[in-house]
Amino acid sequence: MADIRAFRAYRYNLERVAAADVLTQPYDKITPAMQERYYATSPYNLIPIEKGRALPEDSPNDDVYTRAAAKLKEWIAAGILVRDPEPAIYAYAQDYVVPGTNTRRTRRGFIGLGRIEDYEAGVVFRHEQTLAAPKADRLELLRQTHVQTGLLFMLYDDAAKQIDAMLDSTGHTQPAVEMKDEYDVTHRLWAIKDSRAVEKIRGVMAKQKLVIADGHHRYETALTYRNESRARASANDPDAPWEFAMMELFNAHGSGLTILPTHRVIRNVADFNFQRFREKAGKYFDWYAYPFSSAEERETSFAEFRHELERQHPRHAIGIYAGGGSFYLFLLHRGLDMEQMLPHFTPAQRELDVILLHKLLLEKCLNITAAAVSAEQNITYVRDMHEAIAEVDRGSAQIACLLNPVRVQEVREIALAGEVMPQKSTDFYPKLLSGLVMYKLDEDL
């Protein structure tokens, strides 16, 4: 099924630069403030390549993409970026604390080149729709630089954990790269060059189907670039560099995987009345209030509410806060005919809290249509539960809708069934650093 290859990555020359000064978060997580900080940290920080500054005087011959290509050539010529002398598969570990908890985890995976497949081939599966603008941006960058700096986050399914033990053993050796990022996540990288180990990994992966966990836009950009390159080529070469993309592969049965919830904050609902909303919601949900009348009571009520929200996960629990001195827990009625209520969704989709929130509470109780959600007329997305609640308290939102995270196996089930989730359904944490390894598509593997 999946064709995984070792490759000669370009990496920063750590005799010339410090990893913590030059590596960045992925492009779609870089805020304007982060962009400026990265520029200030080091003249060799990846930022002008990963997400460069746009300038007022930009033209087709001098813009963020052409400057990225020039910078890349400059750094390779100067020995800032160097290519590994022999092909490798790269073990990558991240030590982190789950946000909002004291739980510490280690997530281990490996980086290789994966053959780019059309979705119809039944090898690579998505769980999200993509947007045109991010793909156009990444495609133009790839056209100019011919380099992939970011990693696709892919899941495979190996209950026997045939590769995991090999990855665990690398933790007892000195990593080639070790650094801590701005989120207090420690990143470590090792090069696996032993041909027997590489072939074992390739053999296990040859039986696998891959699910895109994060990086849908980057994958479809690589797919478009592959098709463009095929059209220009004089002959079909299945081993051409553009036939592959750089992937970080994680076992869905690994112990270190974390998905964070993304909460919904609702605003601009005309004539909003919480009592009326709650009455409409009563057709679908039982509700339980956790009231408070003082700061001390609020803290106690919130702790009880959050505990029950997380405990009730299997019953489809959604937290609701609209001010007024109470947190609410909405639990889906037992025995509802979900096929009748949501006829255009598959059984797996009907099991997702985020689908129930959007289709039952937002559409049927608040008249927020799918088109309005897509246009973000009434909804914004907030990862931190306390921040979502604070927006209501500040008066900048009317309701905070608080969710439990989607499970890894739910992501796989949806993807393998050929279905997709609503926007912002999954947030795999932590993110994979950009620039840790780089793949140049105009050179042999």
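Points to keep in mind about this one:
- Tally of residues being under 28 Å from A91 (Cα atoms), in a loop (DSSP other than H, G, I, E, B) and touching a helix residue (DSSP H, G or I) at 6+ places or on another chain (Cβ under 9 Å) across the range 216-249: 1
- Test: residue in the range 368-380 that is assigned by TED's automatic domain parsing to the domain that holds V269, within 21 Å of the chain's Cα centre (by Cα), surrounded by fewer than 21 Cβ atoms within 10 Å (Cβ to Cβ) and at pLDDT 95 or above: no
- Checked across the range 272-281, the condition of being more than 30 Å from Y92 (Cβ to Cβ), among the hydrophobic types (A, V, I, L, M, F, W, C) and loosely packed, with under 13 Cβ neighbours inside 10 Å holds for no residue.
- Qualifying residues in the range 118-150 (those that are out of contact with any Phe, Trp or Tyr (no Cβ under 8 Å at 6 or more places or on another chain) and surrounded by 20 or more Cβ atoms within 10 Å (Cβ to Cβ)) - the one modelled with the lowest pLDDT: E128
- Contact annotation: residue pairs with Cβ atoms under 7 Å, 6 or more positions apart or on different chains, pairing a residue in the range 183-203 that is closer than 30 Å to K29 by Cα with a partner that is of a type in the set (S, T, Y), are V185/Y96; L189/Y90; L189/Y92; W190/Y90; W190/T170; W190/T173; A191/Y90; I192/Y90.
- Residue count for the range 395-445, restricted to those that are assigned to a loop (DSSP other than H, G, I, E, B), of a type in the set (V, I, T) and within 27 Å of V265 (Cα to Cα): 3
- Tabulated pairs, the range 37-59, first closer than 18 Å to R16 by Cα, second among the aromatic types (F, W, Y) and crowded, with 20+ Cβ neighbours inside 10 Å, C-beta under 8 angstrom, 6+ apart or interchain: Y44/Y12; Y44/W75; N45/Y38; L46/Y38; I47/Y38
- Total residues in the range 11-24, condition in contact (Cβ under 8 Å) with a residue 24 or more places away in the chain and surrounded by fewer than 22 Cβ atoms within 10 Å (Cβ to Cβ): 9
- Cβ-Cβ contacts under 7 Å between residues 6 or more apart (or on different chains), taken from a first residue in the range 404-428 that is acidic (D, E) to a second residue that is assigned to a helix (DSSP H, G or I), are listed as E413/A348; E419/A348; E419/Q349.
- Note on the range 295-312: among residues that are modelled with pLDDT of 95 or more and of a type in the set (S, T, N, Q), the one that is surrounded by the fewest Cβ atoms within 10 Å (Cβ to Cβ) is T300.
- Residues located in the range 319-344, provided they are hydrophobic (A, V, I, L, M, F, W, C) and in contact (Cβ under 8 Å) with a residue 60 or more places away in the chain: I320, A322
- Those residues of the range 167-191 which are within 23 Å of L113 (Cβ to Cβ) and buried (at least 19 other Cβ atoms within 10 Å of the Cβ), in sequence order: L167, T170, V177, H187, R188, L189, W190, A191
- Whenever a residue of the range 244-257 is touching a residue at least 24 places away in the same chain (Cβ under 8 Å), its partners that are outside any strand (DSSP E or B) and hydrophobic (A, V, I, L, M, F, W, C), lying with C-beta atoms within less than 6 angstrom and at least six residues away or across chains, give the pairs A245/I116; A245/A222; M246/L151; E248/L151; E248/L432; A252/V408; H253/A159; L257/V408.
- Where D271 falls short, out of the listed (1) touching a helix residue (DSSP H, G or I) at 6+ places or on another chain (Cβ under 7 Å); (2) at positive phi: (1)
- Every residue from the range 232-254 that is modelled with pLDDT under 95 and either of a type in the set (A, V, I, L, M, F, W, C) or not assigned by TED's automatic domain parsing to the domain that holds G122 (or both): A233, A235
- Taken together, the residues in the range 48-64 that are out of contact with any strand residue (DSSP E or B) (no Cβ under 6 Å at 6 or more places or on another chain) and closer than 15 Å to G150 by Cβ amount to 4.
- Here M421 clears all of (1) more than 18 Å from L260 (Cβ to Cβ); (2) not assigned by TED's automatic domain parsing to the domain that holds H253 except the condition numbered (1).
- For the range 253-271, the candidate set comprises residues that are more than 30 Å from R104 (Cα to Cα) and surrounded by 15 or more Cβ atoms within 10 Å (Cβ to Cβ); within that set, the residue that is farthest from the chain's Cα centre (by Cα) is V269.
The values are calculated or read from the model by the stated rules, or taken from the named source; none is laboratory data. Please read all numbers here as calculations on a predicted model, not as lab measurements. All Cβ positions, glycine included, derive from the backbone under ideal geometry; neighbour counts span all protein chains shown.
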